[in-house]
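Undergrad: Submitted below is the structure of interest, expressed as structure tokens.
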Amino acid sequence: MKASLKWIKEILPSLKAAPAAIEKRFNAVGLEVEAVERQAEPLDGVIVGEVKKLAPHPDADKLRVAAVFDGEKTHQVVCGAPNVKEGQRVAFAPAGLTLANGVTLEQRKIRGVESSGMICSEAELGISDEHEGILVTKPRARAGTALSKVEALDDVVLELGVTPNRPDVLSHFGLARELSAMFGLERPKASVRVRESGGDAKTHAKVSIDDKRCEKFTGRVLLGVKVGPSPTWVKRRLKQLGIRSISNVVDATNIALMELGHPLHAYDLHKVAGQKLVARAAKDGEKVTLLDGSVKTLVADDLVIADDSGPVGLAGVMGGLDSEVTDATVDILLEAAVFDPKSVRQSARRHGLHTEASHRFERGVDTEMVETALDRCAQLIVELAGGQVLKGRLVDTKGKRKPIVAPIRPERASMLIGRPFDKKEVKAALTALGLRAVKNPAAAKGKKKAKKKDLYADALFFEVPSWRLDLSLEEDLIEEVGRLYGYDNIPAIMPPGRREPFTEAPKRLAERDVREILAHEGYGECISLAFDAEHDAEAMGLDLAQAVTLANPLGEESRVMRMSLVPALLRAARLNQDNLPSVTDLALFEVGKTFAWAKPAGELPKEALRIGLLLRGNRAPVSWTEKGTPVDAFDLKGSIEAVLEHYRVEGVRWLAHEVAWLHPRSATRIDHDGRTLGLFGELHPAVAEKYGLEGAPAFVAQLELDAIVKVAGARARFVPLPKLPPAQRDLSFFVSEDVAADTVLATIRGAAGPQLERVELFDVYVGKGVPEGQKSLAVALVFRAPDRTLTDSEVDGAQKTIIAALEGELSARVRAG
Amino acid sequence: MTEATAPTPEVLEAVQRDFSGQLADAGRDVDELQRIRSAFFGPKGRLTLLLKSVGQLPPEARRDAGRLTNEVKRSLEGALMEVLDATAAEAREKELRKGRLDLSLPGRRAIPKGSLHPVTQINNEMVDIFARMGFDVAGGPEVETDWHNFGALNFPDDHPARDMQDTFFVRPPDDRPAGSLVLRTHTSPVQIRAMLAQGAPIRIVAPGRVYRCDSDPTHSPMFHQIEGLWVDEGVSMAHLRGVLTGFINALFGERGVRLRPSFFPFVEPGVEVDLECVFCDGAGCNVCKQTGWMEILGAGMVHPNVLKSCGIDAEKYTGFAFGLGIDRVAMLRWAIDDLAHMFRSDARFLSQIRGI
């Protein structure tokens, strides 16, 4: 909310603090100053000019040539304003000055006549919307003085961040009231005496309530007003607050709103059918045309203001176009009411509206301010537009609210804030804020209820004023005491040590470990937005029926919560391909959640913690040592093995598998006892094409971190170092190309017995010298017994058994060994 | 050379003189030095022969002559070896100086440079700081129920407080009403889950991704927060101030911390915490809009309604909670000017933010 310090000081004349001190105080009490506009600043350099002479322009009927005296010398200025006259003191901007609207004035010729500087209108100076004529200032102002000084345009406007719990400061009066407490001044009073005349308002119009969501409905009738433009001070004031001036009557409602915080609406009395207004529930399908010209179809949950012919406004949100005050309006029905915050909020949201009125009603208005605001506005209309206020207010109300009484224990306040407060301090603070000390309401009702130990037996009790809708609990009052004391005065104390036992959070740690492993493996960690398009899920071959879909996505491409980490990695690969056209080397990973509904759906979707990996281009960037070796599926597998080794997962099998997004040549499922730990391989060329990846193939993996952690092996255990020497044998053989390497190794291990300590595959060869359909493998076998040196014949025996198994089970043909 | 005579001192002195002369003449000539070695100490060497002749002396003269000859031999041999060693050392030194490597060439990196995301780095740092203060790490789901995200945190239905957080709604897969599922707008629902599971006393931090449906240069629809919660008997705002000051000092070095009253439905009193600007140290600059302060986190004393939602006795226990944006701290730390970089996966960005 924008607030004028001048206006606040008009309401609270005892406030003498400088703008900077007020700013600081606002911040300290929780009204964050988000911006400060110093009105005089953009007027720097604009001075009072005296129009010494005025002559017609030789070549233009509507222009005149003025001689403007700046106190030292005279400038020749071409001016088009109709209201410029000789002898006037005007707002003069000399050549070279930059105005608030960003225009820099230059000396130039206008229709052949030299013109230096400009005589300005209020709009050109940014101080109001007035653009019809130039600003004419005080007739005795001395030429050359700063305009801002002469016109008293030295206000400071603060943009305050008002949190939704504080509707009571959404007005200049409310801010003045808050500041009075902060600076220890007497609280301002909002009293208005409206001069009534003529007949009784009740004979001209009627207001009534037909729905309990309207708590109070009041009105006043004004006759004989003359609708027209507002005077300068109103225009300037509204402009400062960013409100457009419309007409004196509408401006009066806005001034009253900004002054007292209560929304008001003025109707053209004769456009209100039957001169009767009622607050009632809308009928389903009813239509209303609002002030902004939009036609809204209402639902039964909407609360409306209606006349005999139908709705004339959406209650608490916006008035209707048909009963609007126009230049032809003479008689007015002015409305001020109280509506249910929830109802206003629902209606405003339903119809996509947010107005000054709905903003305040949603947060709650001061029910005791209604009549004051109504009277103030009526008085202001008469002031600005003439006419008379008829006798009496129109009022319908659903009873008076019971004031809220809240307790506060000084010792509880001291404990919670961490600094001792006594009864006197508590009472002084709360009284300054307008709370009233009262007796314990429970005690007043009789002492029968004293069976439970009464925590509040010694508490202080305060009645909360009608404007503080945010106060009802002890903690609320404690906050007020602390706020007034100043949070910066609270000491900083480290609390005593931890009392609860410590626990380990294994999954969180896993997330951290795995990131570090992959960074060490050379991958860059990325974090991508967790949204995908439906076509992303389809490209991954996933079931859209399980997708977690947003009701209000930011766009079509972010409609579903990602079901896989892969699409974002592919988009990243594409982006990097565009950024680095000649280099496709890329190693990325992401650790994050994917989302899917289980079947049947549980309370919440299943969130799986996964690792996505993408590898592309060369193993290491080409340099003077690296000639550029393209990565392949084994590089990716190596990184996966690094993760599995960290978790000491044993018994993993790498199985060929059909995966929609992987190339059939290398698509692999990482299996552990039937459980899938992940999928990886070369990206399917069709998917690469869909994501715009060109050139180097991409290798992609998605691992199930939850599953990997679940099958993690036992912690490492030290095995004493061998004291006896090993015996080593190499073995090379041909075997059919379809026999998987891990089958060969498993066969060797199975046949060898316990003395085979290690078997390492050190060569795989296909080509010259190897029969068609076969491959040549070579393994190193390391034998050792813990307690003795093996004899040659023992080792030979073991090797023979291995050879027999390879030949028998796998039809291998041993070449050497 | 017929010195097969007895090794008298005179003879030995002559040999010595001769040896010294030859050694001096030989200089650093390795071949010549080897020749001298065999001429004096070889099987037919002069001193070898002299030593042999000691045996032919009368027994009473043998001892002295033997000792003297041996002394001379050791001394001469030592001198010769010294020169030989020095010569070899010089030769090796000369050899070593050949073919100096150009180590201005880049080092060999078998593995490309990996990196942790800036958010991860800051997150780890923050978690470690809080761990030093005894906080556990907790987590929770990113798709949440309205109750966990709002209701239990004292956000009334249809209240403008909900507008403080633009919410993404998830379509329920069943007959639950629209609006009953949301993407968590903050990490605060983890407070609720942790308190329901553990009760009081409790001390946790909960880092994680959160979602809000706006997107502009300073807002991303997904970002990261870290939530903190400490509930125990007698916990006060002074403790909140102590912990947050400690945290901020550990993260940014010692600098001013300012508490301003603010409003979040789940705390009462609620505060916003400002940090003395990390760019100008409070002097005022463009980043802090000349105020000298930058808003860094929201906090407050846990609202009694929140404690009650979690079955905790709000009279016996009090506590504080706080939440801050991890991404924003990362941006401050490395002077990252655009939040969008964080989630775009541009390798040129990711590889920059590494090391200390």
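The values are calculated or read from the model by the stated rules, or taken from the named source; none is laboratory data. Note that the structure is predicted; figures quoted are calculated from it, not measured. Counting neighbours? That spans all protein chains shown, and the Cβs are built from the backbone with ideal geometry, glycine included. Keep in mind that these areas ignore ligands, DNA and RNA; they rest on the heavy atoms of the full protein, side chains included. Shrake-Rupley method; radii C 1.70, N 1.55, O 1.52, S 1.80 Å.
Undergrad: Using Cα pairs under 8 angstrom and six or more residues apart, how large is the relative contact order of region B:118-350, in percent?
TA: On the way: 445 pairs, mean separation 48.8, N = 233.
21 percent.
Undergrad: Any residues in region A:145-183 that have 10 Å² or more less accessible area with all protein chains than in their chain alone, probe 1.4 Å, and which are they?
TA: At a threshold of 10 Å² (probe 1.4 Å), the residues of region A:145-183 that become less exposed are A:Thr163, A:Pro164, A:Asn165.
Undergrad: To continue, here is another question. Taking only Cα atoms, what is the 0 to 90° angle, nearest 10, from helix A:792-810's long axis to the longest principal axis of chain A?
TA: 70 degrees
Undergrad: When a/c is below 1.5 the answer is rounded, else prolate if a/b is larger than b/c, else oblate, so apply that to the protein assembly as shown with a ≥ b ≥ c taken from the square roots of the Cα gyration tensor eigenvalues. Walk me through the numbers on the way to the answer.
TA: On the way: a/c = 2.44, a/b = 2.00, b/c = 1.22.
Cα axes put the protein assembly as shown in the prolate bin.
Undergrad: Placing +1 at every Lys and Arg Cβ and -1 at every Asp and Glu Cβ, with all other atoms neutral, what dipole size does region B:9-98 have around its Cα centre, in debye to the nearest 20?
TA: Values: 16 positive and 16 negative charges, 64 e Å.
Using Cβ point charges on Lys, Arg, Asp and Glu, region B:9-98 gives about 300 debye.
Undergrad: Would you mind giving the average projected area, over all directions, of the Cα convex hull of region B:285-348 in nm² with one decimal?
TA: On the way: hull surface 29.0 nm².
Computed as one quarter of the Cα hull surface, the answer is 7.3 nm².
Undergrad: Another one. At a 1.4 Å probe radius, which order do B:Met81, B:Met126 fall into by accessible area, largest first? Mind dumping the intermediate values first?
TA: Numbers: B:Met81 65, B:Met126 0 Å².
The ordering from most to least exposed comes out as B:Met81, B:Met126.
Undergrad: Any number yet on Rg/Rh for region A:61-120, C-alpha, Kirkwood?
TA: Details: Rg = 11.2 Å, Rh = 11.9 Å.
The Rg/Rh ratio comes out at 0.93.
Undergrad: How big is the charge dipole of the protein assembly as shown about its Cα centre, in debye rounded to the nearest 20, if each Lys and Arg gets +1 on its Cβ and each Asp and Glu gets -1 on its Cβ? Write down the numbers at each step before the final one.
TA: On the way: 154 positive and 164 negative charges, 612 e Å.
My answer is approximately 2940 debye.
Undergrad: How about chain B: what cysteines have no other cysteine beta carbon under 4.7 Å from their own?
TA: Within chain B, the cysteines lacking a partner Cβ under 4.7 Å are B:Cys213, B:Cys310.
Undergrad: Over region A:479-590, give the accessible area per residue in Å² for a 1.4 Å probe, as an integer.
TA: Ligands and nucleic acids excluded, the figure is 41 Å² per residue.
Undergrad: Positive end of the charge dipole of chain A (Lys, Arg +1 and Asp, Glu -1 on Cβ, about the Cα centre): tell me which of A:Val192, A:Thr676, A:Val304 has its Cα farthest that way.
TA: My answer, from the dipole projection, is A:Val192.
Undergrad: Let me confirm one metric for peptide B:266-279, namely the mean number of other chain beta-carbon atoms within 10 Å of its residues' beta-carbons. Each step should come with its number before you reach the end.
TA: On the way: counts 0, 2, 9, 12, 4, 6, 6, 1, 2, 0, 0, 0, 0, 0.
Per residue, the average neighbour count from other chains is 3.
Undergrad: First compute the accessible area of region B:118-350 with a 1.4 Å probe, then give the percent of it belonging to carbon and sulfur atoms.
TA: Numbers: 3580 of 7410 Å².
The value for region B:118-350 is 48 percent carbon and sulfur by accessible area.
Undergrad: If you average the sequence gap of Cα pairs under 8 Å that are 6 or more apart and divide by the length of chain A, what percent do you get for the contact order?
TA: On the way: 1603 pairs, mean separation 64.9, N = 817.
Taking the mean separation of contacting Cα pairs over the length of chain A, I get 8 percent.
Undergrad: While we're here: Of the options A:Ala3, B:Thr48, B:Phe322, report the single residue whose Cα projects farthest towards the positive end of the charge dipole of the protein assembly as shown (beta-carbon charges: Lys, Arg +1; Asp, Glu -1).
TA: Of the listed residues, the answer is A:Ala3.
Undergrad: So what's the projected area for chain B, the Cα convex hull averaged over all directions, in nm²?
TA: Numbers: hull surface 147.7 nm².
Averaging across all directions leaves 36.9 nm² for the Cα convex hull.
Undergrad: Take every DSSP beta bridge whose two residues both sit in the protein assembly as shown, then give the antiparallel share in percent to the nearest 5. Working shown, then result.
TA: Details: 175 of 186 bridges.
Bridges in the protein assembly as shown that DSSP calls antiparallel: roughly 95 percent.
Undergrad: Springs between alpha-carbon atoms under 10 Å, Gaussian network over chain B: tell me which of B:Ala161, B:Ala24, B:Ala206 tops the mean-square fluctuations.
TA: In the Gaussian network model the winner is B:Ala24.
Undergrad: Hey, what's the Cα Rg ratio for region A:134-192 versus the globular rule of thumb, 2.2 N^0.38 Å?
TA: Values: Rg = 17.6 Å, N = 59, 2.2 N^0.38 = 10.4 Å.
Region A:134-192 yields a ratio of 1.70.
Undergrad: Could you go through region A:414-426 in sequence order and give the Karplus-derived ³J(HN,Hα) for each residue, using 6.51 cos²θ - 1.76 cosθ + 1.60 with θ = phi - 60°, rounded to whole Hz, and x for Gly and Pro?
TA: Result, rounded to whole Hz: 4, 5, 6, 7, x, 7, x, 10, 9, 4, 5, 5, 4.
Undergrad: Let me ask something additional. Top to bottom by accessible area (1.4 Å), largest first, where do B:Phe223, A:Phe762 land?
TA: Working: B:Phe223 40, A:Phe762 115 Å².
Greatest to least solvent exposure: A:Phe762, B:Phe223.
Undergrad: Round to the nearest 10 and report in Å² the accessible area of B:Glu77, as given by a 1.4 Å probe over the protein chains' heavy atoms.
TA: Number for this one is 60 Å².
Undergrad: Of B:Pro172, B:Pro156, B:Pro58, which is the most mobile in a GNM of chain B whose springs link Cα atoms less than 10 angstrom apart?
TA: Evaluated over chain B, the most mobile residue of the options is B:Pro58.
Undergrad: Taking both sides together, what accessible area is buried at the A/B interface, probe 1.4 Å, expressed in Å² and rounded to the nearest 100? Provide the component values of the computation, followed by the final result.
TA: Numbers: alone 42510 and 20040 Å², together 54520 Å².
About 8000 Å² of accessible surface is lost on pairing.
Undergrad: In addition: Just from its helices, what would the mean residue ellipticity at 222 nm be for the protein assembly as shown, if runs of 4 or more DSSP H residues each count -39500 (n - 2.57) and the sum is divided by every residue, rounded to the nearest 500 deg cm²/dmol?
TA: Numbers: 33 runs with 358 residues, N = 1173.
Calculated mean residue ellipticity at 222 nm is -9000 deg cm²/dmol.
Undergrad: While we're on this one: Pick from B:Pro261, B:Pro201, B:Pro59 the residue whose mean-square fluctuation is largest in a GNM of chain B, springs joining Cα atoms under 10 Å.
TA: B:Pro59
Undergrad: Please compute the net charge surrounding B:Ala340, taking Lys and Arg as +1 and Asp and Glu as -1 over other residues with Cβ under 11 Å from its Cβ.
TA: Around B:Ala340, the charge tally is -4.
Undergrad: Okay, next question. 7 Å from Cα along Cα→Cβ at both B:Ala14 and A:Glu807: what's the point-to-point distance in nm?
TA: It works out to 8.4 nm between the two label points.
Undergrad: Which is farthest toward the positive dipole end of the protein assembly as shown among A:Cys214, A:Ser116, B:Met342, measuring Cα position about the Cα centre, with Cβ charges +1 (Lys, Arg) and -1 (Asp, Glu)?
TA: A:Cys214
Undergrad: List the residues whose amide H sits under 5 Å from the amide H of A:Val631, counting only those 5 or more places along or on another chain, with H placed 1.01 Å from N in the peptide plane.
TA: Answer set, sorted by chain and number: A:Gly617, A:Asn618, A:Arg619.
Undergrad: Under unit Cβ charges (Lys, Arg +1; Asp, Glu -1), what dipole magnitude, rounded to 20 debye, does region A:571-653 have relative to its Cα centre? Mind showing how you got there, number by number?
TA: Working: 12 positive and 11 negative charges, 51 e Å.
Computed charge dipole of region A:571-653: roughly 240 debye.
Undergrad: Set the bar at 28 Å for Cα to Cα. Now go through A:Lys235/A:Lys398; A:Lys206/A:Lys296; A:Lys593/B:Lys308; A:Lys398/B:Lys308 and name every pair that lies beyond it. Walk me through the intermediate numbers first.
TA: On the way: A:Lys235/A:Lys398 37 Å; A:Lys206/A:Lys296 26 Å; A:Lys593/B:Lys308 31 Å; A:Lys398/B:Lys308 33 Å.
Over 28 Å apart, Cα to Cα: A:Lys235/A:Lys398; A:Lys593/B:Lys308; A:Lys398/B:Lys308.
Undergrad: If we restrict to alpha carbons, what Rg and Dmax does region A:700-817 come to, in Å?
TA: 17.3, 49
Undergrad: Any chance you could get the radius of gyration and Dmax over the Cα atoms of region B:9-98, in Å?
TA: Both quantities, over Cα of region B:9-98: 15.7, 59 Å.
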